[in-house]
1. What list of ³J(HN,Hα) values in whole Hz, one per residue of segment 342-358 in order, does the Karplus curve 6.51 cos²θ - 1.76 cosθ + 1.60 (θ = phi - 60°) give from phi, with Gly and Pro shown as x?
2. Between residue 129 and residue 82, what length comes free when the chain is fully extended (0.36 nm per residue of separation minus the Cα-Cα distance, one decimal in nm)?
3. Non-local amide H neighbours of residue 176 (under 5 Å, H modeled in plane, Pro and chain starts lacking H): which ones?
4. Considering only Cα-Cα distances, which of the following residue pairs are longer than 32 Å: 201/320; 248/304; 93/294; 94/307; 93/255; 94/155?
5. Stretch residue 304-residue 351 to full length: gain in nm at 0.36 nm per residue minus the Cα-Cα span?
6. Could you tell me the calculated FRET efficiency between residue 203 and residue 143, based on Cβ-Cβ distance and R0 = 25 angstrom, to the nearest 0.05?
7. Could you give me the ³J(HN,Hα) list for segment 237-250, computed from phi with Karplus coefficients 6.51, -1.76, 1.60 and θ = phi - 60°, whole Hz, x at Gly and Pro?
8. Non-local amide H neighbours of residue 348 (under 5 Å, H modeled in plane, Pro and chain starts lacking H): which ones?
Amino acid sequence: MRFKSLSATVFGLTLLVTGSVVLILAQQQVNPTTVEQVMPTSTQEDETPSYYQGTEISTLEQEDATQTQKQVKTGATAAARIDYSRAEPIPAKKSINQGLTSPSAEYMKQVLGIPGDLTENCSTVQDSRLKKLMVAQDVGPFKITGFKPAVSVLKQIFAQVKQENPQLYSQLGTAGMLCVRKVRGGSNFSNHSWGTAIDIKINQKLDQTGDNKTQGGLKALYPYFHKEKFYWGAEFPTEDSMHFEASKELIARWKLEDVGNPNPPSSSKYWVDTFPNAPGYSSPGKNRTGTLNKGTNYVFCRTKGPKVQVGSNYNNWWLKTDLDSGNPRRNQWVSAYYLKRWGNNEAKDNNGREIPNC
Ligand SMILES: [Zn+2]
């Protein structure tokens, strides 16, 4: 993880404000491991766990049958190929999903509504608001239909996997995302009913559920999903390690951000990767109001402001966004220095589009 090298360091941020050096901020970067250790462990939900029983996986989504796995040019030689579909023991349950909870069906209904009929097999989304939020998109290794914000996160995850582990990426497939239906043997909706969960295939093979083993590729994917607040089904009472779902914490964030609003001004949000946790301000370089956590975040627009410089890296652009913590959180400002993907004085979103001026 690239953050590790930074994590133990304390660095000074120099804000150059209109001509003279006015403000020096020292920011202690918290080691991510420490953060995970202090976060509360998952609390058990009272409701029946909303996990999906993998045995009926072939019926999950109609488009699966027609899905063709894309060939990816990895540049790796055949001799070095790792078979990521091989089974390994799952990690200790206590060691995974730290800080994340599997959202119960009751919680999902409360936040996103009742998706449709509680059927045994896949049925269509009935809720008109939810229907508008379902998208079919190419997320890299395959095309998938699901809840729009969840699909966006998948796109980010797979782009990172492609960059860091092309071999693993080339072996990724899916058994689907959206499927309105009951949990087998349960009485409530599976989280696939809202299109916020995905089942992953490795080398076109499904992992065996309930055997407390996982394909090596799923284990290798887990840190990418965990970082984006997706909960891993390896921890379910009946181990289901092919399954990753938007955690309760992520659903809560979507609720707060009103991502569920079917009619947002579509051009208003630009998705960016930021690191590390970035300080937020009431206006560029003014009063500190809170923090934007590292990860994939949205911003609204940019404006020029005081230069933020660390070593030879600098940026004059400031980005308007909603912070993760602090007061107030809405419409605050973060320096574009914290954009992970771009160089000095660049302010672009993850797709390489220039973020518009405010
Ligand atoms: Zn699943």
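Here, each number is a calculation from the coordinates, and none is a lab measurement. Here the structure is a predicted model, which is why all the values come from computation and not from measurement. Neighbour counts run over all protein chains shown; Cβ positions are idealised from the backbone, glycine included.
1. These are the phi-based 3J(HN,Hα) values: 10, x, 4, 6, 9, 9, 10, 7, 5, 8, x, 7, 5, 6, x, 5, 6 Hz.
2. Difference between extended and current length: 12.6 nm.
3. HN-HN under 5 Å from residue 176: 199.
4. 201/320; 248/304; 94/307
5. That pair, residue 304 and residue 351, stretches by 14.8 nm at full extension.
6. 0.85
7. x, 9, 3, 9, 6, 6, 9, 10, 9, 4, 6, 4, 5, 6
8. Under 5 Å from the amide H of residue 348 lie the amide H atoms of 355, each far enough along the sequence or on another chain.
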